[in-house]
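Undergrad: Please find one structure pasted underneath; my questions will follow.
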Amino acid sequence: MKESFFFNTTISMQISHLRWRLCGLLFCATALSFLDRQVLSVVAPAICEELHIDNKTYSFITTAFMASYAVMFFLGGCFLDRVGTRWGLGLAVLIWTAASAFHAIAVTPFQLGMNRFFLGFGEGACFPGAVKAVSEWFPAKQRALAAGIAIGGASLGGVLAPPLTVWLVGLFGWRGAFAATGLLGLLWVLCWFLFYYAPSKSPFITDQEKEWIESNRNETISEQPTSQYNDTFISLLYRKEVLGLGLARFLFDPVFYFYMFWIPKYLHQERNLSLEMIGALAWIPFFALGVSNILGGLASDRLIAAGVPVSVARKGIMTVSALLTVSSGLAAFASGAYTAIAMMSLLMFAHGFWITNYVTIIGDIFPKHRVATVMGITGMVGTIGGMGANTVIGFVVDRFSFLPVWIASGCLYPLALIVILILVRKQSDSISKFITH
């Protein structure tokens with residue numbers, strides 16, 4: 001009788017198009033990740049004054065986040081592949097939600113630094129988890145669009161963080177702002193554990209959707225059978241695809257971190273903009289990123305639907321994107337701040353197309369039990385590159401100017417593209433074959 005009741009309840013709770021609703025949950029997760037990490041930067045003046053934190057100490061606090069984030073990007077991916085997406089991503093968000101909320105009761109710089117460390121510890125698994133979930137629920141023909149939506153939440157978090165944080169601070173103070181974002185994270189965790197299961201185990205999926213997902217599951221651009229990947233973790237590191245994806249990310253991630261951490265300072269120092277003007281303009285490149293995350297996936301999926309081979313569709317989008325990023329080098333020569341913002345927005349627009357297809361390639365090439373691990377490896381390498389680049393940028397700007405940094409930012413994506421074309425391809429591919437498609 002109990003079994004019959006449970007069965008009937010489950011049937012009545014079936015949800016149509018469940019995969020897209022879960023994709024919306026992933027969008028909210030990546031939005032929360034960027035929102036939670038940026039609250040500190042918005043309220044930093046008030047915190048530093050109240051806790052008597054100088055610039056040197058503040059730099060150590062922010063470095064604590066990046067260090068744990070880099071390590072957990074990798075370890076979080078391995079953890080997700082071991083325990084599964086549902087528990088792995090759910091626990092990761094719970095950890096960083098708790099860390100964000102505990103910012104509200106910090107009374108010493110050390111406590112604040114520890115909270116930042118655990119914030120990075122949890123957030124490191126966010127993007128590997130999002131990509132892994134997409135690979136579980138979406139076949140190749142829809143995977144790029146789904147990945148674009150999932151990771152596109154990050155840009156929304158970047159856009160919303162300043163005005164939302166200022167509003168929360170006005171209502172509850174800076175401590176209340178951290179508590180409020182913690183409550184948002186807790187609400188997400190509850191929704192995640194309620195609704196997310198693998199397609200084969202979900203009590204909410206319709207029979208039609210499950211059948212459709214499984215019937216299209218074998219679409220892949222992998223040049224090797226899945227069994228070829230059932231090897232040791234060490235041997236995975238030696239695969240040329242992992243090497244190529246990691247090296248490419250080491251090259252292009254520093255550009256994104258430059259945009260995240262240095263653009264406000266550049267606009268103030270070199271363009272003489274007030275803080276009010278920076279707040280009015282600095283969100284525009286991130287808005288462009290959010291739009292292009294989705295368009296980049298949609299464009300790739302449309303090409304595949306039109307009969308273009310999966311590998312060619314992904315890399316074709318990335319080739320056009322890499323060429324557009326050259327515009328970043330022109331920002332330094334722009335005649336005015338608005339033109340400079342336009343050049344920055346063009347790079348971020350191109351980055352959205354690029355990163356969506358980059359992470360989708362990982363889901364295309366590697367089987368589900370390796371996706372989060374490979375995503376974690378590449379993310380860790382990219383974050384390490386970003387940490388090193390931030391140190392170099394500070395030296396270059398103090399010693400010279402922002403000009404060398406802008407020039408480098410316009411060259412790194414094309415270099416990353418060359419690496420991918422050489423190392424991340426089918427055994428039967430050649431560069432000339434790709435170009436002539």
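The values are calculated or read from the model by the stated rules, or taken from the named source; none is laboratory data. Only a predicted model underlies this, so the values are computations on that prediction, with no experimental measurement involved. All Cβ positions, glycine included, derive from the backbone under ideal geometry; neighbour counts span all protein chains shown.
Undergrad: Inside segment 199-208, can you point out the residues that are touching a helix residue (DSSP H, G or I) at 6+ places or on another chain (Cβ under 6 Å) and either closer than 13 Å to residue 22 by Cα or surrounded by 15 or more Cβ atoms within 10 Å (Cβ to Cβ) (or both)?
TA: 199, 204, 205
Undergrad: Regarding residue 54, is this residue touching a His at 6+ places or on another chain (Cβ under 7 Å), over 20 Å from residue 188 (Cβ atoms) and at pLDDT below 85?
TA: Criteria not met by residue 54.
Undergrad: Let me ask something else. Within segment 414-422, can one find any residue that is modelled with pLDDT of 90 or more and more than 25 Å from residue 294 (Cα to Cα)?
TA: Yes, because at least one residue in segment 414-422 is modelled with pLDDT of 90 or more and more than 25 Å from residue 294 (Cα to Cα).
Undergrad: Within segment 166-190, track down each residue that is over 21 Å from the mean Cα position of the chain (by Cα) and not aliphatic (A, V, I, L, M).
TA: 167, 170, 172, 173, 174, 175, 176, 178
Undergrad: Take residue 82 and decide whether it is in a helix (DSSP H, G or I) and modelled with pLDDT of 90 or more.
TA: no
Undergrad: Given the criterion over 27 Å from residue 411 (Cα atoms) and either at pLDDT below 75 or crowded, with 16+ Cβ neighbours inside 10 Å (or both), identify the matching residue among 275, 289.
TA: Going through 275, 289 in turn, the sole match is 275.
Undergrad: Hey, can you tell me all the residues within segment 95-113 that are surrounded by fewer than 18 Cβ atoms within 10 Å (Cβ to Cβ) and within 23 Å of the chain's Cα centre (by Cα)?
TA: 98
Undergrad: Does residue 13 count as over 30 Å from residue 98 (Cα atoms), surrounded by fewer than 21 Cβ atoms within 10 Å (Cβ to Cβ) and at pLDDT 70 or above?
TA: Considered against the rule, which asks whether it is over 30 Å from residue 98 (Cα atoms), surrounded by fewer than 21 Cβ atoms within 10 Å (Cβ to Cβ) and at pLDDT 70 or above, residue 13 comes out as yes.
Undergrad: Failed condition for residue 356, given (1) out of contact with any Lys or Arg (no Cβ under 6 Å at 6 or more places or on another chain); (2) more than 17 Å from residue 249 (Cα to Cα), with all others met?
TA: (2)
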